[in-house]
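J.: Sharing a structure with you now.
The values are calculated or read from the model by the stated rules, or taken from the named source; none is laboratory data. Note that this is a predicted model, so its numbers are computed, not measured. Note: ideal-geometry Cβ built from the backbone for every residue, glycine included; neighbour counts use all protein chains shown. Note: accessible area is taken over every heavy atom of the protein model, side chains too, but ligands, DNA and RNA are not part of it. Shrake-Rupley method; radii C 1.70, N 1.55, O 1.52, S 1.80 Å.
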Amino acid sequence: MKYRTILLFGAPGAGKGTQGKILGTIPNFFHCACGDVFRNLTIDSELGRAFVKYSSKGKLVPDEYTARLWRDNIEAQTQLGRFDPERDTLVLDGIPRNKSQAEMLTEALDVIAVFNFVCADVSKLVERLQRRAVRDNRLDDANLDVIKKRLEIYEKETKPVLDFYGPKLVHDIDSTQTPINVLRDILRVIART
Ligand code: ADP
């Protein structure tokens, strides 16, 4: 059975996490942020070590690790009764992050909409990330070189994923708006699907 899925898509700092958390509080929606799943790993596991190694440099964790972790996590959430694939819509944030992850997930996901958080002003993204570094204690957000690397990887590897899903599924959302207005734009589309 494929998971009915909404993808939150956009550069680091565009506000996907904020919206994902809100959407996850709505009955019959389940929010899964790939970065959070990684951050919950302990450092003494192979995956935890891989996460620290790559994320501290602003790089993506290799696809095999990411796919395995994601699958194990979603199965565990299902077992625990937090996610019910029959009933819930999955709100995915932070995955897929390149074309090969998108291909790997085609068997598992029935993607009904992709929300592309658009923010043309890079300085705004950087500012948000630096604020988050202190608030959420995120080391990968504290260093400007690491931030630049992540934005570069987003442009090069992640953005092409939009073409993979195509214009019929992709909805551009102006992420420079206030969170409430971003939410309004997302809900307008979801209410139609
Ligand atoms: P942001 O939304 O700010 O880019 P995340 O919290 O989603 O950050 O991810 C933090 C880090 O975790 C990434 O920089 C990357 O190293 C790793 N990561 C998260 N999701 C993936 C993924 N799908 N594939 C590879 N690496 C990932």
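J.: Looking at (1) more than 18 Å from the chain's Cα centre (by Cα); (2) surrounded by 15 or more Cβ atoms within 10 Å (Cβ to Cβ), which is the only condition Leu69 fails?
T.: (1)
J.: Within region 1-44, can you find the residues that are more than 15 Å from the ligand (Cβ to nearest atom), of a type in the set (S, T, N, Q) and farther than 24 Å from Val114 by Cα?
T.: Scanning region 1-44 gives a single hit, Thr42.
J.: Let me ask something additional. Is it the case, given these coordinates, that Ala113 is more than 12 Å from the ligand (Cβ to nearest atom) and either at pLDDT 95 or above or buried (at least 19 other Cβ atoms within 10 Å of the Cβ) (or both)? Quick ask: steps written out before the conclusion?
T.: On the way: more than 12 Å from the ligand (Cβ to nearest atom): yes; either at pLDDT 95 or above or buried (at least 19 other Cβ atoms within 10 Å of the Cβ) (or both): yes.
In short, yes.
J.: Can you tell me which residue in region 52-66 is nearest to the ligand (Cβ to nearest atom), limited to those that are touching a residue at least 24 places away in the same chain (Cβ under 8 Å) and open to solvent by 60 Å² or more (accessible area, probe 1.4 Å)? Please lay out each step first, then the result.
T.: From region 52-66, those touching a residue at least 24 places away in the same chain (Cβ under 8 Å) are 55-60, 63, 66; that's our starting set.
Those still in the list that are open to solvent by 60 Å² or more (accessible area, probe 1.4 Å) too: 56-57, 59.
Values: Ser56: 8, Lys57: 8, Lys59: 6 Å.
Out of the qualifying residues, it is Lys59.
J.: Got a sec? Which of Ala102, Ala108 is open to solvent by less than 10 Å² (accessible area, probe 1.4 Å) and over 12 Å from the mean Cα position of the chain (by Cα)? Write out each step before concluding.
T.: Values: Ala108 fails: open to solvent by less than 10 Å² (accessible area, probe 1.4 Å).
The unique qualifying residue is Ala102.
J.: Please go through region 72-96 and give me each residue that is crowded, with 22+ Cβ neighbours inside 10 Å and of a type in the set (Gly, Ala, Ser), ordered by number.
T.: Of everything in region 72-96, just one residue is crowded, with 22+ Cβ neighbours inside 10 Å and of a type in the set (Gly, Ala, Ser), namely Gly94.
J.: Follow-up. Go through (1) within 11 Å of the ligand (Cβ to nearest atom); (2) free of Cβ contacts under 8 Å to residues at least 60 places away in the same chain; (3) not acidic (Asp, Glu) and name the single condition Asn73 misses.
T.: Unmet for Asn73, out of (1) within 11 Å of the ligand (Cβ to nearest atom); (2) free of Cβ contacts under 8 Å to residues at least 60 places away in the same chain; (3) not acidic (Asp, Glu): (1).
J.: Here's another thing I want to ask about it. Would region 146-157 turn up any residue that is open to solvent by less than 70 Å² (accessible area, probe 1.4 Å), modelled with pLDDT of 95 or more, β-branched (Val, Ile, Thr) and not in a helix (DSSP H, G or I)?
T.: no
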